[in-house]
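Below: one structure, written as C-alpha cells.
Any read-out appearing in this document is the output of simple, stated calculations on the displayed coordinates, not a laboratory observation. Since we're looking at a predicted model, the values are computed, not measured. Here the Cβ positions follow ideal geometry from the backbone for every residue, glycine too, while neighbour counts run over all protein chains shown.
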Amino acid sequence: MPIYEYAATGKGCPHCEAHFDVLQKLAEQPLARCPQCGAGVVRVIGAPSVAMGSAHVLKESNVAKKGFTQYRRAGNGVYEKTAGKGPKYISGD
C-alpha cells in the first residue's frame with residue numbers, strides 16, 4: 001500500500017498545515033478533510049523512494065553468513081554457485 005501525503009488547502013491545525021502522511025489502499029478515495037480538525041486537505045505529489053546504486057544488494061562476502069545461496073549466470077540456462085550452500089551448478093535441462 002502506498003503512503004500518500006496530504007496538506008491543508010486553507011487554515012487548519014498544525015497537523016495538516018505541516019503536511020501529514022496516510023497509508024491507504026490504491027482503491028480508497030483520497031481524504032477530503034483532516035482527521036484531527038476537519039479542515040479541507042488535498043493530496044500532494046511527493047518524491048518517490050528509490051534505491052540507488054548497489055548498497056541495497058547483499059554482498060557476496062555476507063551471502064553465506066546470512067543463509068543464502070547466490071548463483072551467477074554462466075550461459076545457456078546454466079547458473080554457477082558463487083556463494084553459500086547448494087549445488088555447484090543449476091541448469092534448466
So between Ala7 and Ala27, what do we pick up on full extension, going 0.36 nm a residue minus the alpha carbon distance?
-> 5.2 nm
Which shape class applies to the chain: rounded if a/c is under 1.5, otherwise prolate when a/b exceeds b/c and oblate if not, where a ≥ b ≥ c are the square roots of the Cα gyration tensor eigenvalues?
-> prolate
Sequence-separation-based contact order of the chain, relative, with Cα cut under 8 Å and 6+ spacing, percent = 20
Quick one: if you stick a label point 7 Å off each Cα along the C-beta vector at Val42 and His19, how many nm between them?
-> 1.4
Using Cα positions and a limit of under 25 Å, work out the lysines in reach of Lys66, with same-chain residues fewer than 8 apart set aside.
-> Lys81, Lys85, Lys88
Rule-of-thumb check for the stretch 3-44: C-alpha Rg over 2.2 N^0.38 Å?
-> 1.04
